[in-house]
Number of protein chains: 2
Amino acid sequence: MAEIQTLARGLKILNLLEQARSGMGTTEVAKEMAIDKSSASRLLHTLANYGFVVQDEGTARYQLGPRLLTLGQGVLDRISLRDHARPYLYKLVDETGECAHLAILAQRQALYIDQAESSAALRVESEIGTLSPLHCTALGKAMLAFGDGALPEALLPFTQRTITDQAVLQAQLLHICQRGYAIDDEEYNYGVRCVAAPVQDHRGKLLGAIGISGPAARVTLERIDDFGMIVRQVAADLSAKLGYAAG
Amino acid sequence: MAEIQTLARGLKILNLLEQARSGMGTTEVAKEMAIDKSSASRLLHTLANYGFVVQDEGTARYQLGPRLLTLGQGVLDRISLRDHARPYLYKLVDETGECAHLAILAQRQALYIDQAESSAALRVESEIGTLSPLHCTALGKAMLAFGDGALPEALLPFTQRTITDQAVLQAQLLHICQRGYAIDDEEYNYGVRCVAAPVQDHRGKLLGAIGISGPAARVTLERIDDFGMIVRQVAADLSAKLGYAAG
DNA sequence: AAACAATGTTGTATATTTAGCAACAAGCGA
DNA sequence: TCGCTTGTTGCTAAATATACAACATTGTTT
């Protein structure tokens, strides 16, 4: 399908600005996009009219605008899975004492759309809205194992334990499928272990995944199977509430 | 400045979809925008290519897409005030026992960009990214009192205590300016009282506001002035850290 | 069942709109 | 002061988006 060039350019500019930490000037945008200064100027003004970008009064440089934040909130409101899942996240926190997360697939990554913090003193940054790779997170692997079978192309390493071999990953996905939950054993962040299980609708179609994550000192390898059973059960309860009839 | 029509139409579609709770069809969008079905179809496809909207596989209806959520996250990362303010939010929670919030001005409303939850059992929904009116929230009134002096046009009532008279509001803003903090006495939500104070840069330019909010039973009218002093002090400390030299 | 209505998508020609060039204004540094 | 960079604006050509129409698909009604 042919995409509309002008609109696509505007959206690409937003992608550019996302990368640029300290904003970009008109000329800079024009160069990066390989378009004329004047075109960039007019596109940026239009984006600014709708609050998608803001121009710093002093430097005249452009940054992502607050409208994106409020629209993002609108996205969350629209995901009904989130409403249904919330009490189950609290249940996970109650039963495990660790932070619980809910993620869905988006742009071939794991998109965190909700969390429930444990009462433990250690605070976690709000991660809602962030994307994480699939191959080295428990939530991601749970979704890979119960999803449509497509694997990520590149398995980038984040720690020494990150699985970077397609065959190894494939084998582990089968294992996850059989036992019903996935584990991240310090494969993404050092010192953090996670456990996750899939959430499915009545047809068995993958909706997302829920799981817990905590310091390796608390989430020990001995206890991790117990956590797995809990997470799998809570995820199954949530799936059941959504109308999933096993078999 | 003349805005680029095609891009503007795409952005307007996003605004439309924000309102429509259950998504919109191509024809529906076309009617609402007063453009042809084919144009709407192509615009929507382009938006979908970049993840700004998603089409439900079954119903072919369009909704806001996950890209908006991740871009919104990018907006948060870019607001350096947020990083500086976070420890001060925790300080507010420690000293008052109530939830603390940070807001900035955006689209002539108060945009909540961070929060610190109290350890009280009562949980608050994540409000980051939401917009609230200025005239009936403590954060909003603090920003009005110390901002550029522009008042909101319409003072919509939310509770019986909401100030709906411009003159009354104006008088209260002066009061807020003199004493250094603003109060919301159940003017937005029944049973909730809030206290807030402005955050300013070294030139005295308004950057945002921080404050606390809690149940009226805990935030009583007798104690509210004590809270006010605390909030004012913490906000002043934050402003000072940002380089604000009083006088 | 079958006709019908409504929806979403795809060609195509026209004409509107954008894009690029160039000139201009403004800020900064040398 | 001069030169350099940046951001914005007129203007025209030309590319692009638009509307019209036809088509495919789905769901509804009689």
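Quick notes on this structure:
- Mean projection area, nm², convex hull over Cα of the range B:170-221: 4.2
- Overall dimensions of the range B:5-70 by Cα: Rg and Dmax, Å: 10.5, 31
- With the highest mean first, a sort of the peptides A:176-182, B:178-184 on other beta-carbon atoms found within 10 angstrom per residue produces B:178-184, A:176-182.
- In terms of its C-alpha gyration tensor, the protein assembly as shown has an oblate overall shape, because the principal axis ratio a/c (a ≥ b ≥ c, square roots of the eigenvalues) is not below 1.5 and a/b does not outweigh b/c.
- DSSP bridge orientation in the range A:130-246 - percent antiparallel, rounded to nearest 5: 100
- Subtracting the Cα-Cα distance of A:SER38 and A:TYR90 from their residue separation scaled by 0.36 nm leaves 13.5 nm.
- Per residue Cα convex hull volume in Å³ - calculated over the range A:79-241: 106
- Between A and B, roughly 5400 Å² of accessible area is buried in total, ligands, DNA and RNA not counted and the probe set to 1.4 Å.
- Sites B:LEU151 and B:THR220, calculated FRET efficiency, Cβ-Cβ separation with R0 22 Å, nearest 0.05: 0.15
- Shielding by partners, peptide B:72-84 (average Cβ within 10 angstrom, other chains): 6
- For B:CYS99, nonlocal amide neighbours, meaning residues 5 or more places apart or on other chains whose placed amide H falls under 5 Å from its own, are B:SER118, B:SER213.
- Taking the range B:5-70 and dividing mean pair separation by its residue count, relative contact order in percent (alpha carbons under 8 Å, at least six apart): 31
- Whole-number percent relative contact order across chain B, with pairs defined as alpha carbons under 8 Å at least 6 apart: 14
- With N as its number of residues, the range A:63-102 has a Cα radius of gyration that, divided by 2.2 N^0.38 Å, comes to 1.57.
- Straight-line cross-link partners of A:LYS12 among the lysines, defined as a Cα under 16 Å from its Cα and at least 8 positions apart when in the same chain: A:LYS31, A:LYS37.
- In loop segments of the range B:20-67 as defined by DSSP, the GluC sites (Glu not before Pro) with at most 16 further C-beta atoms inside 10 Å of their C-beta are B:GLU57.
- Residue-normalised accessible area of the range B:1-68, given per residue in Å² at a 1.4 Å probe: 49
- Here the range B:1-117 is treated with +1 on each Lys and Arg Cβ and -1 on each Asp and Glu Cβ, and its dipole about the Cα centre works out to around 500 debye.
- Rolling a 1.4 Å probe across the protein heavy atoms gives the range A:79-241 an accessible surface of 44 Å² per residue.
- Calculated FRET value between B:ARG179 and A:ALA60, using beta carbons and R₀ = 25 Å, to 0.05: 0.10
- Using θ = phi - 60° in the Karplus curve 6.51 cos²θ - 1.76 cosθ + 1.60, the 3J(HN,Hα) couplings for the range B:66-77 round to x, 4, 5, 5, 6, 5, x, 4, x, 5, 4, 4 Hz; x is entered for Gly and Pro.
- Summing +1 for each Lys or Arg and -1 for each Asp or Glu among the other residues whose beta-carbon sits under 15 angstrom from that of B:GLN170 gives -2.
- Peptide A:146-152 has a mean shielding of 0, counted as Cβ atoms of other protein chains within 10 Å of each residue's Cβ.
- Taking a straight Cα-Cα cut-off under 25 Å and skipping sequence neighbours fewer than 8 places away in the same chain, the lysines within cross-link reach of A:LYS241 are A:LYS91, A:LYS141, A:LYS205.
- Surface composition of chain B: carbon and sulfur atoms hold 50% of the protein heavy-atom accessible area at a 1.4 Å probe.
- Shielding by partners - mean other protein chain Cβ count within 10 Å, residues of A:60-68: 6
- Net charge in the neighbourhood of A:LEU134 (other residues with Cβ under 13 Å of its Cβ; Lys, Arg +1, Asp, Glu -1) is -2.
- For chain B, built as a Gaussian network whose Cα springs stay under 10 Å, the top-fluctuating residue of B:GLN63, B:GLN109, B:GLN166: B:GLN63
- Charge context of A:LEU11, other residues only, Cβ under 13 angstrom, K/R +1, D/E -1: +2
The values are calculated or read from the model by the stated rules, or taken from the named source; none is laboratory data. Just so it is clear, the model here is predicted, and its values are computed rather than measured. With ideal geometry, Cβ positions are generated from the backbone for all residues, glycine too; neighbour counts draw on all protein chains shown. Just the protein is used for accessible areas: all its heavy atoms, side chains included, with ligands, DNA and RNA removed. Shrake-Rupley method; radii C 1.70, N 1.55, O 1.52, S 1.80 Å.
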